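Worksheet: the structure to be examined is printed underneath.
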Amino acid sequence: MTMPDRTVSFRFYEELNDFLPKEKRKKTFSYNFRYNQSVKDAIEALGIPHAEVDLILVNGNSVDFSYVLKNGDYVSVYPVFESLDISLVSRLRNAPLRQVKFILDVHLGKLCKYLRILGFDTYYRNDLEDSEIVSISVNENRIILTRDIGILKNGKVTHGYWVRSQNSRQQLWEVIHRFDLENILQPFYRCISCNGLIHPVEKEKIEHLLRENTKRFFTDFYQCNDCGKVYWEGTHYENMQEFVNNIISRKKLLIR
């Protein structure tokens, strides 16, 4: 015997609407289904990665992903609240990540460099398979940043974000704003090349790694704990400092 169609109403909020067709954005719409279906399955059938969802209300009550939809339900779906306290309702993950760590897919190499310049723990390799990204994310509690929505639909993913922009600098500001990172920037704290931590180092200890002009004109040096790369305040540093100042200036403009 054929099961009759059942209907629920969905309403998605804020940036979750980016995944919906225009006719369904920022409005209540009907969703029909025939068999028992969890709210998670329905959300992903509509194109929303579960990793971007942090709160689901059904008829005003908070539920988790396993909730089985019933005919006539009204479902409100909210994005990840990284900067709001919603502890009195059923969050779909344990807590916001304040020790922020990222893992990026192969399309986001420039974004990786920018995040490291600002001091964020950022794992990146250009040869990672999707399954490896998911595994590292889960094992090391890292937020997945990706241009591939499919990765975020993997059932093992708990924290992830689909980067909307295709411009690397816009991507950086998008991530900073999305995860409320403006006040925890630590510029020049990490190695751009390997993600290791940087520390001051005596010139005498690394002189053998320097070119003659560098030894002649500079006295203050820093070195990566992991790969040994040496940094100093030359032209490259000045360019990075200008980049950081632009980020900070933009933050101040938003606060005013």
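Scanning the range 167-190 for residues that are farther than 13 Å from residue 102 by Cβ and not in a helix (DSSP H, G or I) gives 167, 180, 185, 186, 187, 188, 189. In the range 152-166, what count of residues is obtained for those that are at pLDDT below 95, touching a helix residue (DSSP H, G or I) at 6+ places or on another chain (Cβ under 9 Å) and outside any strand (DSSP E or B)? So the answer is 10. Residue 107 meets the conditions (1) out of contact with any helix residue (DSSP H, G or I) (no Cβ under 7 Å at 6 or more places or on another chain); (2) in a helix (DSSP H, G or I) in every case but one. The failed one is (2). Per the listing 216, 125, the residue uniquely of a type in the set (D, E, K, R) and modelled with pLDDT of 95 or more is 125.
Screening residue 164 with (1) touching an Asp or Glu at 6+ places or on another chain (Cβ under 8 Å); (2) farther than 30 Å from residue 40 by Cα gives one miss only, at (2). Of all residues in the range 136-165, which are touching a residue at least 12 places away in the same chain (Cβ under 8 Å) and either outside the structural domain of residue 115 (by TED's automatic domain parsing) or of a type in the set (S, T, N, Q) (or both)? Hits for the range 136-165 are 137, 141, 146, 154, 158.
Taking the range 1-59, which residues are surrounded by fewer than 19 Cβ atoms within 10 Å (Cβ to Cβ), assigned to a loop (DSSP other than H, G, I, E, B) and under 22 Å from the mean Cα position of the chain (by Cα)? Matches in the range 1-59: 13, 20, 46, 47.
A count restricted to the range 105-114 and to residues that are within 11 Å of residue 195 (Cβ to Cβ) and within 14 Å of the chain's Cα centre (by Cα) stands at 1.
Scanning the range 115-135 for residues that are in a loop (DSSP other than H, G, I, E, B) and either within 13 Å of the chain's Cα centre (by Cα) or touching a residue at least 40 places away in the same chain (Cβ under 8 Å) (or both) returns 118, 119, 120, 124.
The values are calculated or read from the model by the stated rules, or taken from the named source; none is laboratory data. Since the model is a prediction, treat every value here as computed from it, not as a measurement. Every residue, glycine as well, gets a Cβ built from its backbone with ideal geometry; the counts of neighbours run over all protein chains shown.
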